[in-house]
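Presented below is the structure to which this report refers.
The values are calculated or read from the model by the stated rules, or taken from the named source; none is laboratory data. Since the structure is predicted, the reported quantities are computational estimates derived from the model, not experimental observations. All Cβ positions, glycine included, derive from the backbone under ideal geometry; neighbour counts span all protein chains shown. In case anyone asks, the SASA skips ligands and DNA or RNA and just uses the protein heavy atoms, side chains included. Shrake-Rupley method; radii C 1.70, N 1.55, O 1.52, S 1.80 Å.
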Amino acid sequence: MLTSLTFTDPQGQSYTDAVVAVQQATYDHSWRGNEHEKFTNPFDKAGSTGNVTSSDDASENITLRISFVYWPTQAAYDANNLPYPLANTTPAANSEYEFRIFADELSKPKYTSLTLEQKCEQYFTDEVLPTLQPS
């Protein structure tokens, strides 16, 4: 949980003592690969030797999907008031309330040895929060 944050939400409301938390985070790591090797011995050609061909095909996909919520003040959080969902207003957003981190970002050293929740909070602090400043 991140506390004492100052930002302006996507509706234009400014806060100086907000609390932000990860509501949900899903880490997906999938990979697909094929290894192919073929030996051919052309017996129909005199004096020829066997022929080996091989190929590798691999792909990997890493995605971390996050939903953040916030309380306008620490007092609202402490009073167990319901939080507001934080909308993702970036042009590349796949979902209105979902943020996505991909392998290129997650491979940076700053994410090494962090828990899933800590990775989300690091991303919020470094990438999301700067976009929530008043223009």
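Just subtract the alpha-carbon distance of residue 38 and residue 8 from 0.36 nm times their residue separation and send over the number in nm, one decimal.
Using 0.36 nm per residue and subtracting the Cα-Cα distance, I get 4.7 nm.
Just to be sure I understand the model, the point goes 7 Å from the Cα along the line to the Cβ. What's the resulting residue 126 to residue 111 distance in nm?
0.9
Once amide H atoms are placed 1.01 Å from N in the peptide plane, what residues at a sequence separation of 5 or more from residue 23, or on another chain, have their amide H within under 5 Å of its amide H?
67, 68, 69
Once neighbouring chains are kept in place and the probe is 1.4 Å, which whole percent of the accessible area of the range 2-127 is contributed by carbon and sulfur?
Of the solvent-accessible surface of the range 2-127, carbon and sulfur hold 48 percent.
Remind me, relative contact order of the range 2-127 in percent, using alpha carbon pairs under 8 angstrom and six or more residues apart?
25
Roughly how many debye, to the nearest 20, is the charge dipole of the chain about its Cα centre, given +1 on each Lys and Arg Cβ, -1 on each Asp and Glu Cβ, and no other charges?
Around 140 debye, computed over the chain.
If each of residue 84 and residue 31 carries a label point 7 Å out from its Cα toward its Cβ, how far apart are those two points in nm?
It is 4.3 nm.
Would you kindly derive the ³J(HN,Hα) couplings of the range 62-78 from the backbone phi angles with the Karplus curve 6.51 cos²θ - 1.76 cosθ + 1.60 (θ = phi - 60°), listing them in order in whole Hz, with x for Gly and Pro?
Using θ = phi - 60°, the values come out as 10, 9, 10, 9, 9, 10, 10, 10, 8, 10, x, 9, 4, 4, 5, 5, 4 Hz.
Could you state the accessible area per residue of the chain in Å², with a 1.4 Å probe and every protein chain left in place?
Per-residue value: 67 Å².
What FRET efficiency would be calculated for the residue pair residue 56, residue 94, taking the C-beta separation as r and a Förster radius of 30 Å, to the nearest 0.05?
About 0.45, to the nearest 0.05.
Divide by every residue of the chain the summed helix terms, -39500 (n - 2.57) for each DSSP H run of at least 4, and state the resulting mean residue ellipticity at 222 nm, rounded to the nearest 500 deg cm²/dmol.
-2500 deg cm²/dmol
When the chain is fully extended, how far beyond the present Cα-Cα distance does residue 24 get from residue 118, taking 0.36 nm per residue of separation?
Gain on stretching residue 24 to residue 118: 32.6 nm.
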